Amino acid sequence: MPHTQVIEQLKASLQTAYRQAIDADTRLDALKKAGHVKFNTIFTKDEGFSTSSNRFQPYVQELAAEIDAMSREPDTMENLLEGYVRKLGLLLQTMQTFKANTK
C-alpha cells in the first residue's frame with residue numbers, strides 16, 4: 001500500500017479519536033466537578049506517549065504531530081508506524097473503556 005494511502009487511513013482513525021476525545025474530556029470535566037477525578041495523567045511514559053496530561057486531547061495532538069512528521073518524511077514512516085499504531089490503538093481502547101464505565 002502506498003504511503004499516501006496509509007497516511008490517509010491513519011488520519012481518518014485520528015479524526016475518530018479526536019471526536020471521541022472531545023466527548024471523553026467533557027465527561028472528565030463533569031467528573032472533576034463532582035470531585036471524582038484524582039489522577040494526573042491518563043498514560044504513563046512506559047506506554048509510549050511523551051505527552052503527560054489528565055485529558056485525552058493532548059494525546060490526540062501528539063499523534064497528529066507524528067502523522068505530520070511521517071507525511072513530510074515518508075522514509076521515517078516504516079520506523080515510526082508500529083509505535084504510532086500501538087499508541088493510537090491504546091488511546092482508542094482507553095477512551096472506549098472510559099465511555100463504557102462512565103455511562
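When residues in region 1-16 are screened for being within 17 Å of residue 94 (Cβ to Cβ) and surrounded by 15 or more Cβ atoms within 10 Å (Cβ to Cβ), 2 of them pass.
So which residues in region 48-73 are of a type in the set (Ser, Thr, Tyr) and either loosely packed, with under 14 Cβ neighbours inside 10 Å or under 24 Å from residue 6 (Cβ atoms) (or both)? Working first, answer last.
First pass over region 48-73, keeping only residues of a type in the set (Ser, Thr, Tyr): 50-53, 59, 71.
Across region 48-73, the qualifying residues are 50, 51, 52, 59, 71.
Scanning region 1-45 for residues that are over 17 Å from residue 85 (Cβ atoms), part of a loop (DSSP other than H, G, I, E, B) and either under 16 Å from the mean Cα position of the chain (by Cα) or at pLDDT 90 or above (or both) turns up 41, 42, 44.
Of the residues that make up region 54-72, is at least one modelled with pLDDT under 95, assigned to a helix (DSSP H, G or I) and hydroxyl-bearing (Ser, Thr, Tyr)? Yes, region 54-72 contains at least one residue that is modelled with pLDDT under 95, assigned to a helix (DSSP H, G or I) and hydroxyl-bearing (Ser, Thr, Tyr).
Taking first residues from region 1-26 that are under 15 Å from residue 62 (Cβ atoms) and partners that are basic (Lys, Arg) and surrounded by 16 or more Cβ atoms within 10 Å (Cβ to Cβ), the Cβ contacts under 6 Å between residues at least 6 apart in sequence or on separate chains come to 25/55. Scan region 17-47 for residues that are crowded, with 18+ Cβ neighbours inside 10 Å and polar (S, T, N, Q) and report the count. Here the count works out to 1. If you go through region 16-52 and keep only what is more than 18 Å from residue 96 (Cα to Cα) and small (Gly, Ala, Ser), you end up with 34, 35, 48, 50, 52.
Go through region 91-103 and give me each residue that's assigned to a helix (DSSP H, G or I) and either surrounded by fewer than 16 Cβ atoms within 10 Å (Cβ to Cβ) or touching a His at 6+ places or on another chain (Cβ under 6 Å) (or both).
Just the residues of region 91-103 that are assigned to a helix (DSSP H, G or I), to begin with: 91-101.
The answer is 93, 96, 97, 99, 100, 101.
Condition check ((1) of a type in the set (A, V, I, L, M, F, W, C); (2) touching a residue at least 40 places away in the same chain (Cβ under 8 Å)) across all residues:
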{"position": "61", "(1), (2)": "no, no"}
{"position": "67", "(1), (2)": "yes, yes"}
{"position": "72", "(1), (2)": "no, no"}
{"position": "88", "(1), (2)": "yes, yes"}
{"position": "97", "(1), (2)": "no, no"}
{"position": "100", "(1), (2)": "yes, no"}
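The values are calculated or read from the model by the stated rules, or taken from the named source; none is laboratory data. Given the structure is predicted, the values throughout are model-derived calculations rather than measurements. Note that we place each Cβ from the backbone using ideal geometry, even for glycine, and neighbour counts take in every protein chain shown.
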